[in-house]
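Scroll down for the structure; my scribbles are underneath it.
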Amino acid sequence: MASVEQAEGGSEKRGRKQNKWSQRKRVGFHIDMTPYVDVIMLLLTFFIMTSTLNQPQVMQINLPKGDQETTVKVDMGNVVFIRISEKGNIGLSKGKSDGTEEQPIKVNLEQMKQYLEGWGTANKDMIMILKFHRKAKYDMMISVLDEINRAAIEKRYSFSKMEEPDFKVLEAIGG
């Protein structure tokens with residue numbers, strides 16, 4: 001692995017006084033690094049093979065199949081509509097048992113969480129229907145879902161397509 005080479009003619013005097021550093025023989029050595037590279041590569045391979053990587057965080061969304069036979073009947077008194085406009089305005093409204101809905105309320109994200117927690121504790125069977133404008137920002141959708149997940153309620157919600165009556169509701173709140 002290592003070899004020592006001795007220099008020749010290092011101790012000869014040539015007629016003048018030499019200092020103590022030049023009187024010593026010069027010794028050189030050479031270290032063969034090839035086995036060390038092999039060991040380093042083996043260690044690197046070992047650590048790569050035994051380490052675990054972070055698992056990607058995935059938001060699971062169950063989408064309906066779209067069959068007419070699997071339609072679920074829901075009491076409208078248990079439904080809360082959450083509509084998000086193109087500008088990012090949030091409108092909340094509760095459904096009534098007769099099939100209509102209450103006047104919508106314009107809220108921000110923090111207020112939305114408070115309303116949902118209040119309504120969720122009053123009605124354990126609450127279902128949220130989320131309706132996003134097609135041109136709304138994706139970041140707003142994630143923020144709304146995060147606030148729903150932070151709320152201390154049972155999380156049951158569904159995504160629905162925004163239709164013409166929903167646009168009128170958003171206009172009523174200034175959307």
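Rule-based calculations on the coordinates, nothing more; no lab input. Just so we're clear, the structure is a prediction, and the values are computed from it rather than from any experiment. For neighbour counting, all protein chains shown are included, and Cβ atoms are generated from backbone atoms with ideal geometry for every residue, glycine included.
Rank by packing, highest mean first: peptides 156-167, 124-135, with packing defined as the count of other Cβ atoms within 10 Å averaged across residues.
Values: 156-167: 13.1, 124-135: 15.9.
Descending mean neighbour count gives 124-135, 156-167.
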*Highest first, please rank the peptides 111-123, 83-95 by the mean number of other Cβ atoms sitting within 10 Å of their residues.*
83-95, 111-123
*Would you please give the FRET efficiency between Ser158 and Ala122, computed as 1/(1 + (r/R0)^6) with r the Cβ-Cβ distance and R0 = 25 Å, to the nearest 0.05?*
0.80
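Go ahead and run the numbers for FRET between Gln111 and Lys73, Cβ-Cβ distance against an R0 of 25 Å, rounding to 0.05.
Numbers: r = 31 Å, r/R0 = 1.24.
For Gln111 and Lys73, the calculated efficiency is 0.20.
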*May I ask which residue of Ile105, Gln55, Ile129 lies farthest towards the positive end of the charge dipole of the range 51-175, with charges of +1 (Lys, Arg) and -1 (Asp, Glu) on Cβ and the Cα centre as origin?*
Gln55
*What nm distance separates the two modelled labels at Ile48 and Arg150, each placed 7 Å from Cα along Cα→Cβ?*
4.1
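Could you give the C-alpha radius of gyration of the range 75-172 expressed as a fraction of 2.2 N^0.38 Å, taking N as the number of residues it contains?
Numbers: Rg = 12.3 Å, N = 98, 2.2 N^0.38 = 12.6 Å.
Rounded to two decimals, the normalised Rg is 0.98.
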*asked:* Checking the cross-link filter: which lysines have an alpha carbon closer than 26 Å to that of Lys124, excluding same-chain neighbours under 8 positions apart?
replied: Lys73, Lys94, Lys96, Lys106, Lys113, Lys155, Lys161
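Of the beta bridges DSSP finds with both residues in the range 75-172, what % are antiparallel, to the nearest 5?
The antiparallel proportion sits near 50 percent.
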*Give me the number: length gained by fully extending Lys137 to Lys87, i.e. 0.36 nm times residue separation minus the C-alpha to C-alpha distance, one decimal in nm.*
17.2 nm
*What's the center-to-center distance, using Cα atoms, between the range 89-137 and the range 25-49 in Å?*
66
